[in-house]
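Remarks on the structure that follows.
The values are calculated or read from the model by the stated rules, or taken from the named source; none is laboratory data. All of these numbers come straight from a predicted model, not from anything done at the bench. Virtual Cβ from ideal backbone geometry, glycine too; neighbours counted across all protein chains shown.
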Amino acid sequence: MGTVTLGVSIAVPEPYGSLLQEQRAGFGDPAAHGIPTHVTLLPPTEVDEERLPEIRAHLARVAASVRTFPMRLSGTGTFRPLSPVVFVQVVEGGSACSWLQQRIRDASGPLVRELQFPYHPHVTVAHGIAEEAMDRAYEELAEFEAEWTVCSFALYEQGADAVWRKLHTYEFGGGRPAATVPAQGSPVDEPATTPTC
């Protein structure tokens, strides 16, 4: 067996996902149609293909340990000049994303890895394109707003054609009392009303 390139992310639901994907393509980003609109939890990571069953089991355990949480996007931001990226900002749900990505990359699990930059949840809308196009993305999506309840994350594999394809969706623990993620980002066991997914 060889290696595969995996990623884990929270999908941005419809109609927002397609809207942002079309906008990204309109700004001239050639990667737009190969990358479903998402918030990254694990960036592209090369692993041995034979470890996939272990990875799937690990992700299922992580998903079972967390409840649904609200996510809200609002306005734009950029990592320039450090990195040529314009993004839509995560203004609610960021601490939950941070906690989740730490659990996914946990040192005792199969997806342990260091990050190139500190984790910052976001939705990329332009990457590595002309500065003028990056500026346009930043300005045209400045008023963008979206909100939904996050009920799952998904495992993706990048193909030889550079397109990311979903392998599996991992639903969260559901309505039963499970670890939830408060504002400070540490898990707490407490029964609470779970938003409907």
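Examine the stretch 56-63 for a residue that is closer than 30 Å to ASP135 by Cβ, outside any loop (DSSP other than H, G, I, E, B) and of a type in the set (Val, Ile, Thr), and state whether such a residue exists. Among the residues of the stretch 56-63, not one is closer than 30 Å to ASP135 by Cβ, outside any loop (DSSP other than H, G, I, E, B) and of a type in the set (Val, Ile, Thr), which makes the answer no.
Summed over the stretch 100-159, residues that are of a type in the set (Ser, Thr, Tyr), under 16 Å from THR40 (Cα atoms) and part of a loop (DSSP other than H, G, I, E, B) total 1. For the stretch 94-110, the criterion of being without any contact (Cβ under 8 Å) to a residue 60 or more places away in the chain and closer than 24 Å to ASP29 by Cβ is satisfied by at least one residue. The residue that is nearest to ARG51 (Cα to Cα), among those in the stretch 80-105 that are surrounded by fewer than 16 Cβ atoms within 10 Å (Cβ to Cβ) and in contact with a helix residue (DSSP H, G or I) (Cβ under 8 Å, 6 or more places away or on another chain), is PRO84. Residues that are surrounded by 15 or more Cβ atoms within 10 Å (Cβ to Cβ) and either under 11 Å from LEU111 (Cα atoms) or among the aliphatic types (A, V, I, L, M) (or both) within the stretch 28-55 comprise ALA31, ALA32, ILE35, VAL39, LEU41, LEU42, PRO43, THR45, VAL47, ARG51, LEU52, ILE55, listed in sequence order.
Just one of the numbered conditions (1) hydrophobic (A, V, I, L, M, F, W, C); (2) closer than 20 Å to GLY159 by Cα; (3) surrounded by 19 or more Cβ atoms within 10 Å (Cβ to Cβ); (4) touching a helix residue (DSSP H, G or I) at 6+ places or on another chain (Cβ under 6 Å) is not true of MET1: (3).
Taking every residue in the stretch 59-74 that is at negative phi and without any contact (Cβ under 8 Å) to a residue 12 or more places away in the chain and pairing it with any residue that is of a type in the set (A, V, I, L, M, F, W, C) and surrounded by fewer than 22 Cβ atoms within 10 Å (Cβ to Cβ), at least 6 positions away or on another chain, yields no pair with a Cβ-Cβ distance below 6 Å. Just one of the listed residues (VAL91, VAL47) is within 18 Å of ALA162 (Cα to Cα) and assigned to a strand (DSSP E or B), and it is VAL47.
All conditions but one from (1) closer than 25 Å to ILE129 by Cα; (2) in a helix (DSSP H, G or I); (3) of a type in the set (A, V, I, L, M, F, W, C) apply to LEU52; the one that does not is (1). Being of a type outside the set (A, V, I, L, M) and modelled with pLDDT under 95 is the filter; apply it to the stretch 162-178 and report the residue that is surrounded by the fewest Cβ atoms within 10 Å (Cβ to Cβ). Across the stretch 162-178, the extreme among qualifying residues is ARG176. Pairs are defined by a Cβ separation below 8 Å, a sequence spacing of at least 6 or placement on different chains, a first member in the stretch 35-56 that is within 29 Å of SER18 (Cβ to Cβ) and at pLDDT 95 or above, and a second member that is charged (D, E, K, R) and surrounded by 18 or more Cβ atoms within 10 Å (Cβ to Cβ); the pairs so defined are THR37/ARG24; LEU42/ARG105. The residue of the stretch 130-161 that is surrounded by the fewest Cβ atoms within 10 Å (Cβ to Cβ), among those that are of a type outside the set (Gly, Ala, Ser), touching a strand residue (DSSP E or B) at 6+ places or on another chain (Cβ under 9 Å) and farther than 26 Å from LEU100 by Cβ, is GLU143.
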